[in-house]
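Q: Sharing a structure here in structure tokens format.
Every number here is computed from the coordinates shown, using simple stated rules; none is lab data. No experiment lies behind these values; they were computed from the predicted model shown. Every residue, glycine among them, receives a Cβ derived from its backbone with ideal geometry; neighbour counts consider all protein chains shown.
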Amino acid sequence: MPYENCRGRQCVVVGCSNNQRDLYRWKNAICAEHGEKNENCICLAPFKFHCLPLNAERRREWLGVINRKDFNPASKAVVRTM
């Protein structure tokens, strides 16, 4: 099973613990309302991930909102949707 020993990507926002493993588990679970795998269900995922922009100006804006002191994230850093 993927993500068995790791969490994969994790949101870089302070206090957020959402990660790829949680999303993977949700996708493979059965929808309580519709009785089918969440991956194939019409229900919306509980959250999605967005990569930080590569454009320098947009990236600075995002990092300003994230507001983490001395934070220099990797190019593959992600933020989850609200």
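Q: Being surrounded by fewer than 17 Cβ atoms within 10 Å (Cβ to Cβ) and under 29 Å from residue 71 (Cβ atoms) is the filter here, so list the residues in region 21-40 that pass it. Write out each step before concluding.
A: Here is the first cut: in region 21-40, the residues surrounded by fewer than 17 Cβ atoms within 10 Å (Cβ to Cβ) are 25-37, 39-40.
Once the filter is applied, which keeps residues that are surrounded by fewer than 17 Cβ atoms within 10 Å (Cβ to Cβ) and under 29 Å from residue 71 (Cβ atoms), region 21-40 yields 25, 26.
Q: Then there is this: Just checking, does region 5-15 include any residue being in contact with a strand residue (DSSP E or B) (Cβ under 7 Å, 6 or more places away or on another chain) and among the charged types (D, E, K, R)? Full working, then the answer.
A: Within region 5-15, the first condition is being in contact with a strand residue (DSSP E or B) (Cβ under 7 Å, 6 or more places away or on another chain), and the residues that meet it are 7-13.
Right, trim to among the charged types (D, E, K, R) and you get 7, 9.
Yes, because at least one residue in region 5-15 is in contact with a strand residue (DSSP E or B) (Cβ under 7 Å, 6 or more places away or on another chain) and among the charged types (D, E, K, R).
Q: Then there is this: So which residues in region 5-40 are assigned to a loop (DSSP other than H, G, I, E, B) and touching a residue at least 12 places away in the same chain (Cβ under 8 Å), if there are any at all?
A: 6, 7, 8, 9, 12, 13, 14, 16, 18, 31
Q: Still on this structure, please answer the following. For region 41-65, what are the residues that are surrounded by 10 or more Cβ atoms within 10 Å (Cβ to Cβ), outside any loop (DSSP other than H, G, I, E, B) and not basic (Lys, Arg)?
A: 49, 50, 51, 61, 62, 63
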